[in-house]
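The values are calculated or read from the model by the stated rules, or taken from the named source; none is laboratory data. Note that the structure is predicted; figures quoted are calculated from it, not measured. As a convention, Cβ positions derive from the backbone with ideal geometry for all residues, glycine included, and neighbour counts pool all protein chains shown. All accessible areas refer to the heavy atoms of the entire protein, side chains included, with ligands and DNA or RNA removed. Shrake-Rupley method; radii C 1.70, N 1.55, O 1.52, S 1.80 Å.
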Amino acid sequence: MKSIVFGLQWGDEGKGKVTTYLSRKYDYVVRYSGGSNAGHTVEYGDFKLVHHLVPSFDVRTDTIGYISNGVVVDLEVLNKEVEELKRLGFDVSKRIKVSNLAHVVLPVHKMLDEKFEMAKGDKAVGTTKRGIGPAYADKVHRIGLRLVDFEDKQNALEKLKFISELYKNLYSIDWTDYDKVFEEYEKIRSFVVSPIEIRKELQNSNVLFEGTQGVMLDIDMGSYPYVTGTYCNTTGVEPGLGYPMNIDKRIGVFKAYLTRVGEGPFPTELFGEDAEKLRKAGKEYGATTGRPRRCGWLDLPLLKYAIEISDCTEMIMTKADVLSCMDKILVGVRYTLCGKKIELPTNLEMLSKVEVEFIEFEGWKDLNDVNFKKFVEFLEKETGRKITYISTGANVEDIVKM
Ligand code: GDP
Ligand code: IMO
Ligand code: MG
């Protein structure tokens, strides 16, 4: 069995918690995209984890996590996560593998991310400043460092010096602390594997691919330019692995409302008191940057678009419990542009210009309420997809199979 869990919105749908819950049925959890911009919070009850790079497998089981070459790896962040797990009593050093073709996020990437954002002024994307865009750009510029380069220290040193020179000349960025990179590399050296070596193992195992960000942040299919640097749609699995992989289930996760961190259009966004109420009830603060997340109502045209382009086979809804703080619940059902109705945002440039028609649902006290059942039935009918699980709280066990 091969499945993907991925986000159907602008990230933070609760993928980490869902992946952890489902991971018990799989031998591997594989990250195929993104980097430490991801923040997947998993509440276990007596402890809590925030995964940035370590795949969201249940740390109490013996599932293995593989970080494939589609991921850009900040070695310091990875080491910190592994150390935190050790402190909590989980030695996962034999349960994490990283592709030797994965590119490394260097301090210069984070410095350039910051510099670009500053220079863009009011056109800034609102990135996480984790160096994601510059690391992927250097991969394409063919100057990036891959883990395989570190097998020969002299070779890695030459490449680090080269990139440092380029950054100095092109961007006036000064950085020469190569020793720190080698120090971090030494700590994860034993995790590094060849993607060829692991291919057969993955083919013969039950694998759960863990998406990062969400379809609307995909570099091509998202709300460009307010997106991340790579493929976070389901299409990212194969480039992320470097070889074909047949997938049985594409499980899309969505929140019963909508959030977004950073800049960009958000047609169903709420402001003022209602936004604050939702933010507070849903604890909507970025897991990576701590920024308050922008909050709004569920956007059906956007959800339908995400379902279509991801070829989502089933859905999991999260955080409907949070909506019990609202008396009335709205869902954006249609966009209009210059008085004309449009069903799907075929041109994402239009997103900032559309007006939204909403329908209203009566609020619910808890998830057994008939009003909530009506909400679920409506969403299944509109999307043509079954909601197979409903997450009912932050804890990894708070989930109901439908
Ligand atoms: P991810 O990036 O998609 O993994 O999502 P985040 O971890 O960034 O954000 C989701 C937040 O909501 C986390 O703090 C989760 O612990 C929490 N969460 C997940 N599912 C639920 C749910 O069904 N109800 C509530 N109240 N919280 C949830
Ligand atoms: P998870 O996996 C929500 C957003 C940033 C910014 C844009 C580009 O936790 O769902 P980047 O640093 O990637 O260049 O920033 O993408 N972003 C996320 N928003 N959840 C995430 O990940 C995100 N990763 C990046 O806020 O708007
Ligand atoms: Mg997150």
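Tabulated values for the structure
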read-out	value
Qualifying positions in segment 155-176 - of a type in the set (A, V, I, L, M, F, W, C), under 31 Å from the mean Cα position of the chain (by Cα) and either open to solvent by 80 Å² or more (accessible area, probe 1.4 Å) or within 17 Å of V104 (Cα to Cα) (or both)	A156, L160, I163, L166, L170, W175
Residue selected from segment 1-19 under the condition near ligand 2 (Cβ under 8 Å from one of its atoms) and open to solvent by less than 10 Å² (accessible area, probe 1.4 Å), by the criterion farthest from T392 (Cα to Cα)	W10
Qualifying residue in segment 48-60 (condition: assigned to a strand (DSSP E or B) and away from ligand 1 (no atom under 13 Å from the Cβ))	no
Tally of residues being in contact with a helix residue (DSSP H, G or I) (Cβ under 6 Å, 6 or more places away or on another chain) and not in a strand (DSSP E or B) across segment 330-364	3
Subset tally (residues that are open to solvent by 70 Å² or more (accessible area, probe 1.4 Å), closer than 30 Å to P225 by Cβ and not aromatic (F, W, Y)) for segment 344-370	5
Subset of segment 126-146 (residues that are among the hydrophobic types (A, V, I, L, M, F, W, C) and either open to solvent by 20 Å² or more (accessible area, probe 1.4 Å) or on the phi > 0 side of the Ramachandran plot (or both))	A137, V140, I143
Top-ranked residue in segment 310-348 [being of a type in the set (D, E, K, R) and within 30 Å of D248 (Cβ to Cβ); ranked as modelled with the lowest pLDDT]	E343
Checking G222 against (1) within 23 Å of R24 (Cβ to Cβ); (2) open to solvent by less than 20 Å² (accessible area, probe 1.4 Å), the condition it does not meet	(1)
Among residues of segment 294-329, those that are in a loop (DSSP other than H, G, I, E, B) and either surrounded by fewer than 22 Cβ atoms within 10 Å (Cβ to Cβ) or without any contact (Cβ under 8 Å) to a residue 12 or more places away in the chain (or both), counted	4
Any hit, segment 371-379, residues being open to solvent by 20 Å² or more (accessible area, probe 1.4 Å), within 16 Å of ligand 2 (Cβ to nearest atom) and at pLDDT 95 or above	no
Qualifying residues in segment 20-38 (those that are open to solvent by less than 10 Å² (accessible area, probe 1.4 Å) and either assigned to a strand (DSSP E or B) or under 20 Å from E84 (Cα atoms) (or both)) - the one nearest to ligand 1 (Cβ to nearest atom)	A38
The lone exception for N371 - which of (1) within 19 Å of E308 (Cβ to Cβ); (2) not in a loop (DSSP other than H, G, I, E, B) it fails	(1)
Set V181, V227: member being in a helix (DSSP H, G or I) and over 20 Å from V92 (Cβ atoms)	V181
Near pairs, Cβ below 6 angstrom, 6+ apart or cross-chain, from segment 27-39 (within 21 Å of T61 (Cβ to Cβ)) to any residue that is hydroxyl-bearing (S, T, Y) and open to solvent by 10 Å² or more (accessible area, probe 1.4 Å)	D27/S205; Y28/S205
